[in-house]
Amino acid sequence: MGAPFREVWADAWDQAKPIIDAAFAGESKRFIDLPWRLATDRGLADTWWTFSYSRVLSPTGGIDGLFILTSETTAKVLGDRRRGEVEALLHRAQEAGGIGLFAVTPDGTISPTPSFCALYGLPAADTLPASAFEELVVPEDRGQVSSLAARAAGAAPLDVEYRIHRADTGALRSIARKGEIERDGDGRFVRFVGIARDVTEEAATRRALIEQQRLQAALLDLADLTRDLTDAGEIAFVSAQLLGQTLGVELAGYGDVDPEREHLTVERDWTANGAPSLVGEVRFRDFGTYIEDLKRGQAVVVTDALSDPRTAPFAQALLARAAGAFVNLPLFERGRFVALLFVSQRSHRHWTEGELDFIREVASRVRVATERARLEQARAQQARELLEMNATLEQEVARRTTDRNRLWQLSADLMLIAGFDGRIDAINPAWERTLGWDEAALVGTSLFDLIHPDDLAHTMEGARGLSEGEIYARFENRYRHRDGSYRDIVWTAGPGEGFIVAVGRDATEENQRAGALKLAEEQLRQSQKMEAVGQLTGGIAHDFNNLLQGITGSLEIIQRRVAQGRTGELDRFINGASTAANRAAALTHRLLAFSRRQPLDPRPVRANALAASMEDLLRRTIGERIELEMVLAGGLWLTHCDPNQLENAILNLVINARDAMPDGGRLSIATCNTHVDSAAAAGRQGMSPGEYVCVSVSDTGTGMDSDTIGKAFEPFFTTKPIGQGTGLGLSMIYGFAQQSEGYARIDSELGKGTTISLYLPRFRGAAEDDEAPADSGETHRADQGEVVLVVEDDSVVRGLIVEQLAELGYGAIEASDGPSGLEVLRSKRRIDLLVTDIGLPGLNGRQLADAARALRPGLRTLFMTGYAENAALASGFLEAGMEMITKPFAMDALASRIRTMIEA
């Protein structure tokens, strides 16, 4: 005492000095739980103090000093801090464990912790009315919640579990609540305190376990109920009844399914509460679109038929069948949907996984039990049938033995039992009737002794095949009759148990009739050939005579006028002879097309452009009484054929169509792309599957009957009078189509017209550029010194060609046959082009060309032909540097081709 403050509390002086100064200045100060850092016997320590400072006044009004009242509050501050930390830890523990604390006073006010409010989905608050929590409890569980009266009476339930709908989400949750009642010394209710926690998952697990135990018990009952049942329908009904009662539904049953008709057939089901039965036949699609799910093996689970998209449009029909919610479980056998288990109720329902597993297990057991019952029924039926068969077996065996013996004795066919080595064990009486041999003469002998020598090896090979298990449905050989002649026998034979069993039929007379028929058919074919020759002489010869008359007559007049010096009118007769010659050439081409030996020049062809270019010609050909219609498809593919022959074919078809409409009509030319599949090609002999360009000519004329259609493509067949047609037009068209790897077809009906279609194969390459117009003759003249070797066995033709070459300025070397031409090629003479006929004597044109290439590599060859043995010369015959021109040809065309090849 008496020491200065700053010395006593030197360590606190810096903190105290400002306060003391303020107090002396007249300010009263009070500090609560002020922290001070002071020195103690343990060193510096944090302490807390409560201070009050006030002045002490002297009698004269001066300041005598300060009055300071202080108390240390360190223990209180540290205690409050520790308590706060504990409360925070407790609050976090409540939140982590889903636990909340509460206290309810007698007036119904609840003091909840924040975690307690969170359990119910309410915002945190210091106090709330108890009713705010009680109203969230589901109605059926509100009896377990303490009320104001119950708490006051001390009868409130202390340990309960109830369900609530959270205030924020409406979710259904389970709450476990424990509490105790606090009373005063007089026993009066003071407050109700306790804890609550969310036990939703625990409750669900507990309920699932209880449900599982209940369902397992039901499965045991099902096994007991069905163990001794043998009727499949009774098993299905008992199972449906147990299923429906266990799940508390209104309808349960089992039925067979026809997946193709999408029908369910129910023989018996179980119902409750007046629900309608499904017994009978039910069509799945009358009640929804879920049949496709069932076919895929998926269970159909509907919780509410009004909202499920598969059933909503059919909800009223389902509700009428007590199926507001239902489960359909498909059952399969060897991958096929065969049966259905169904349960349903009127109101909506959430089906648990445990319930669905239970339904699946019942379905499986029902399927096994019903199949077992059906199998037992089938076995019992088989046993009954077996007993009935055994009762009559001896009679049946005796009857069949009698029938077999009767058949053996009376059969007109030969019956044989023999060893694989040929030894005869048994024959029937038909042998004596057919071959003259009785049983005594043949049994024990070898059947090979009866075989015609030419058939012996064949028969012995057949016996070996039978010993190896082969069966012969038709085995033919010749057997010797007792009179020494041979009979044709056709056998059906197979192996028995170590022997041959065979039945034979005498086919001698049948074979003789077949031979006679074959001879008659050959004679008929010869007759048809003679008829064809007769038609040829009556048609082709007539046309050729007319054409030759025009040629020879014109030439005679030309000779006479030249001798007379009258040359002014020669052009008319020259043109007449030329026209007749061109017609003869066209007729020759028709003949070659019929024989399929004309030398085609196939190339990519635009059929639309070709047909369109012929329109004017065709209109002039058919006249004004016939209407022409061109139906040309857009995007038509290219085809590959000889364009000149295609033009000729179209023209022939149009002329035929014109002749079929003597009173006028309508003629259509149409094109299209078409794909012929294997099935369609199989019905058209000679046609292959693939893509084709179709060109068809249709008329509204007289049409054809089936007999005419069958003969229309035959050579020389014609319905026109003699002299008006050769019968080669359609056969030429048919030959052209076949040679072009295509097909020709006729569709016709008497009185309604005819359509003839040409199918030409699609060409996938690029189209060739259109040919340039022919140049004038001057462009064909030779350059200085160019030489052409001409090899032709016809002296007149050879002379004409050489004369033409000389006029054009070419040097020409002549050879009359292949060997002569080869000698020239071996010489050192200049040769720019080889022109040769294909059909040369001694060494043909192609052989000569091959030899020329060996002697003079790069030498080009122009083939001349009026007849080609190879029907497709342009396919493999012509190689690079080779071209072909067909006789008869215009000399100017020959000159143009020679000039083009030499320049190339």
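The values are calculated or read from the model by the stated rules, or taken from the named source; none is laboratory data. These numbers were taken from a predicted model, which means no experiment stands behind them. Counting neighbours? That spans all protein chains shown, and the Cβs are built from the backbone with ideal geometry, glycine included.
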Taking the stated definitions as given, is Y290 under 27 Å from L375 (Cβ atoms) and hydroxyl-bearing (S, T, Y)?
no
Could you list, in sequence order, the residues of segment 406-427 that are more than 23 Å from E461 (Cα to Cα) and among the aromatic types (F, W, Y)?
W408
Do the conditions hold for L825, that is, is it part of a helix (DSSP H, G or I), out of contact with any helix residue (DSSP H, G or I) (no Cβ under 7 Å at 6 or more places or on another chain) and buried (at least 17 other Cβ atoms within 10 Å of the Cβ)?
no
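Taking R310 as the residue in question, decide whether it is touching a Ser or Thr at 6+ places or on another chain (Cβ under 6 Å) and on the phi < 0 side of the Ramachandran plot.
On the way: touching a Ser or Thr at 6+ places or on another chain (Cβ under 6 Å): yes; on the phi < 0 side of the Ramachandran plot: yes.
Here the answer is yes, as R310 does meet what is asked.
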If you go through segment 16-31, how many residues are in contact (Cβ under 8 Å) with a residue 24 or more places away in the chain and exposed (fewer than 12 other Cβ atoms within 10 Å of the Cβ)?
2
Criterion first (part of a helix (DSSP H, G or I), modelled with pLDDT under 80 and not assigned by TED's automatic domain parsing to the domain that holds L229) does R384 satisfy it?
yes
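Among the residues of segment 746-767, which ones are in a strand (DSSP E or B) and without any contact (Cβ under 8 Å) to a residue 60 or more places away in the chain? Outline the logic, then answer.
Narrowing segment 746-767 to residues in a strand (DSSP E or B): 746-749, 753-763.
Scanning segment 746-767 gives I746, D747, S748, E749, T755.
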Can you list residue pairs whose Cβ atoms sit under 6 Å apart, with the first residue in segment 634-649 being assigned by TED's automatic domain parsing to the domain that holds M732 and the second being of a type in the set (A, V, I, L, M) and in a loop (DSSP other than H, G, I, E, B)? Count only pairs 6 or more apart in sequence or on different chains.
L638/A767; D642/L600
Being in contact with a Phe, Trp or Tyr (Cβ under 9 Å, 6 or more places away or on another chain), closer than 21 Å to T370 by Cβ, surrounded by 21 or more Cβ atoms within 10 Å (Cβ to Cβ) and aromatic (F, W, Y) is the requirement here; does F326 meet it?
no
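Identify, from the list A155, A118, the residue that is surrounded by fewer than 16 Cβ atoms within 10 Å (Cβ to Cβ) and either under 60 Å from the mean Cα position of the chain (by Cα) or more than 23 Å from R206 (Cβ to Cβ) (or both). Explain how you work it out, then say what you get.
Details: A118 fails: surrounded by fewer than 16 Cβ atoms within 10 Å (Cβ to Cβ).
Going through A155, A118 in turn, just one is surrounded by fewer than 16 Cβ atoms within 10 Å (Cβ to Cβ) and either under 60 Å from the mean Cα position of the chain (by Cα) or more than 23 Å from R206 (Cβ to Cβ) (or both): A155.
Per-residue answers, yes or no, for (1) touching a residue at least 24 places away in the same chain (Cβ under 8 Å); (2) surrounded by fewer than 17 Cβ atoms within 10 Å (Cβ to Cβ); (3) closer than 30 Å to D107 by Cα:
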site: P123; (1), (2), (3): no, yes, yes
site: V138; (1), (2), (3): yes, yes, yes
site: R177; (1), (2), (3): no, no, yes
site: D186; (1), (2), (3): no, yes, yes
site: D198; (1), (2), (3): yes, no, yes
site: L229; (1), (2), (3): yes, no, no
Quick one: how many residues across segment 694-710 are part of a strand (DSSP E or B) and among the hydrophobic types (A, V, I, L, M, F, W, C)?
3
Here are S731, S668: which of them is at pLDDT 75 or above and of a type in the set (S, T, Y)?
S668
From the option list G335, G324, single residue qualifying as under 36 Å from the mean Cα position of the chain (by Cα) and of a type in the set (G, A, S) is G335
With respect to the numbered conditions (1) closer than 23 Å to T352 by Cβ; (2) modelled with pLDDT of 85 or more; (3) over 47 Å from the mean Cα position of the chain (by Cα), which one is the sole condition not fulfilled by G248?
(3)
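Look at segment 868-904 and say how many of its residues are of a type in the set (G, A, S), in a loop (DSSP other than H, G, I, E, B) and either modelled with pLDDT of 75 or more or within 22 Å of R798 (Cβ to Cβ) (or both). Show your work before the answer.
Initial filter on segment 868-904 (of a type in the set (G, A, S)): 868, 871-872, 874-876, 880-881, 890, 893, 895-896, 904.
If we keep only those that are in a loop (DSSP other than H, G, I, E, B) too, we end up with 868, 871-872, 874-876, 880-881, 890, 904.
Next, from what is left, pick out any that are either modelled with pLDDT of 75 or more or within 22 Å of R798 (Cβ to Cβ) (or both): 868, 880-881, 890, 904.
Here the count works out to 5.
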The lone condition D455 fails out of (1) under 18 Å from I489 (Cα atoms); (2) of a type outside the set (A, V, I, L, M); (3) in contact (Cβ under 8 Å) with a residue 24 or more places away in the chain is (3)
Among (1) buried (at least 20 other Cβ atoms within 10 Å of the Cβ); (2) over 17 Å from E333 (Cβ atoms), where does L306 come up short?
(1)
Tell me, which residue of segment 604-622 that is more than 44 Å from the chain's Cα centre (by Cα) and under 22 Å from L636 (Cα atoms) is surrounded by the most Cβ atoms within 10 Å (Cβ to Cβ)?
L618
Residue satisfying all of: in segment 1-15; over 21 Å from A75 (Cα atoms) and among the small types (G, A, S); surrounded by the fewest Cβ atoms within 10 Å (Cβ to Cβ) among these:
G2
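Take segment 799-821 and flag every residue that is farther than 18 Å from D892 by Cβ and modelled with pLDDT under 85.
Step one: list which residues in segment 799-821 are farther than 18 Å from D892 by Cβ, which gives 811, 813-821.
Within segment 799-821, none qualify.
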